[in-house]
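Read the figures in this text as sums done on the coordinates, not as results from a lab. All values derive from a computational prediction rather than experimental measurement. FYI the Cβ positions are ideal-geometry reconstructions off the backbone, even for glycines, and counts take in every protein chain you see.
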Amino acid sequence: MSNAGRTKRYVGIDLGTTFCAVAYLDNHGQPVTIPNAEGSLVTPSVVLFEPTGDVVVGQEAKRSAVIEPDLTVECVKREMGERWYSRQIMGRQLPPPAIAAMILRKLKQDSEAKIGPIDGAVITVPAYFDEGRRQATIAAGQIAGLEVLDILNEPTAAALAYAYRDFLHKSDDVNEIIRLVDETVPGHHAVVYDLGGGTFDVTVLRIEGKDLTVLATDGDVRLGGKDWDERIVNYVAEAFKQKHNQDPRQDKHAMQGLFASAEEAKKNLSVRAKTRIVCTHAGQTMTVDLTREQFEQMTADLLYRTESRVNRVIDAAGLKWGQVDQVLTVGGSTRMPQVLELLKRVTGRPANTSLSPDEVVAHGAAIHAAIRLFQMHHAQTKRQTKAAKPKTPKPKAVEEPLTPRAIDQADVLPMLTDEDLTDTGAEPSMETTVQDAVVDPAQDPVAWNPSAQFDDKEATQVLRAITTSNVNAHSLGVVMTRPDKSKVNSIIIPRNTSLPTSVTKRYGTVVPNQTSVTVIIVEGESTKPDECIPIGVCQIKQLPWGLRKGSTIYVTFSYDNSGRLDVKAVEATSGTTAQATIDRANAMPQEDIAKARQAMARIKVA
């Protein structure tokens with residue numbers, strides 16, 4: 001059968017620390033959350049490894065955690081980017097992407113049972129995820145058998161879901177949809193406050209007509225609802241210890257039970273002023289009362305950590321609170337009254353809670369998937385049209401190599417320098433071995449026609465029109481040697497730079513007749529390389545003989561809208577072609593991903 005005209009199906013996946021959700025756009029272009037096999041709209045991010053070799057994911061695994069804590073994995077998202085999960089499972093070390101892939105496999109097969117075959121997904125990540133964690137998320141999708149169409153920041157996904165709903169409301173009037181697509185409409189600023197189970201993000205966006213532009217982002221990948229739960233656990237455990245001289249935190253089974261009770265207590269305190277928690281350990285049972293006021297006092301410092309980042313991100317965006325039009329809440333933990341009270345106090349207005357904090361990110365991811373398909377279809381159509389036109393031979397351009405005089409005029413210092421360069425187009429090209437793991441549907445031989453998927457013409461117009469742009473959450477740079485031989489992080493792309501971007505900086509060789517250059521790529525804000533995260537190495541080998549000390553090395557960082565990095569380094573005088581290799585210390589090698597995918601195919605996931 002011919003594939004002509006077929007449209008692949010992509011979903012949006014919110015791969016959360018504590019819960020996940022999957023959504024797609026129906027025939028009318030409306031985002032719909034897909035229920036799992038148990039009929040729930042969210043799936044707990046919990047994995048139970050059974051002795052038989054099978055795997056259970058979701059609510060049943062969460063219940064089993066109290067009985068079999070050694071066989072259960074929770075909050076694996078907090079360990080994405082690490083080489084191995086923090087403890088062994090049945091005597092084996094497992095990489096976090098492989099564990100996350102089991103969750104994705106469950107989501108994929110449950111969704112397919114509802115809507116049919118799924119080819120791939122847009123998977124969301126915290127905006128504050130670094131490059132290594134993003135690559136680990138892509139690896140998890142690949143192991144699960146998904147084509148990863150894109151990686152999308154969670155706050156951007158949420159803002160997209162809110163904006164899309166407003167756009168569709170406007171499109172009820174034909175004149176409004178034309179104005180949305182073709183004219184500039186008054187813009188407004190929104191803050192997305194995203195407090196999930198294990199991570200926190202806050203992002204400032206400008207929504208203007210069809211364009212969503214991220215202005216600044218901040219966050220904490222180790223702050224979420226689990227930390228509030230832990231405060232309750234410690235409160236109850238201390239009370240039990242004082243009365244019975246036994247600490248339930250020393251027992252894994254009691255701890256799992258306490259965390260389950262703490263989560264329930266937190267939810268209860270969101271709707272009532274007092275709750276009761278039962279703790280059983282060492283043959284003793286104790287009931288502990290907890291009021292909302294006590295809970296808010298014991299977690300005030302956690303809330304303040306979010307407040308400080310909220311204020312910091314507003315400053316980074318160059319705004320005052322009076323210029324912010326709305327605050328959008330995302331993540332189940334935003335249901336806590338203390339969060340809503342904080343936002344009203346800081347911003348001066350009630351938060352917008354009109355969309356489900358559990359589903360809004362998955363909805364935004366599904367919308368983004370549709371937008372990306374329209375973009376790919378447009379790009380493919382342009383290529384086909386261009387290929388059909390007769391080609392007129394053009395005179396071959398002659399590149400003028402950089403001369404020693406040009407280098408002198410560039411004022412290169414004898415040691416590495418971090419002086420900015422203006423892109424003149426004279427930089428020699430370089431092939432790179434960095435592989436983009438995210439699939440490009442435009443390269444697929446299938447004739448993409450996403451318009452055929454939707455009956456609603458207005459929704460199709462909106463999806464074709466919307467554009468989004470992000471910023472990078474962390475600065476990216478290289479390790480530079482100073483004249484005194486000390487090392488420093490030379491930042492090439494500062495945090496909160498609009499994406500996509502490409503920045504070139506000029507550096508120099510350290511010694512005369514240098515035969516190779518090693519560019520160490522780091523991520524972080526500190527000027528001290530030891531306080532940053534090394535994410536890769538780019539080497540230029542076989543430099544021409546006779547290079548003087550301080551000879552120019554161009555380093556180019558190209559960062560795309562999804563937060564993926566391409567690095568180029570080239571020696572200026574000879575145009576020596578380098579082989580750029582990204583060796584991420586904690587990344588999962590492609591051969592390991594392939595093996596894990598084969599192993600996954602043999603595992604039964606329920």
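Structure above, values below:
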read-out	value
For Phe259, Phe295, order by how many other beta-carbon atoms lie within 10 Å, fewest first	Phe259, Phe295
Reference-scaled alpha-carbon Rg (2.2 N^0.38 Å with N residues) for region 185-356	1.22
Cα-Cα separations in region 107-147 greater than 13 Å, expressed as whole percent	56 percent
Karplus 3J(HN,Hα) series, Hz, for region 504-513 with 6.51 cos²θ - 1.76 cosθ + 1.60 (x for Gly, Pro)	10, 10, 9, 10, x, 5, 8, 10, x, 6
Quotient of C-alpha Rg and 2.2 N^0.38 Å, computed over region 1-87	1.40
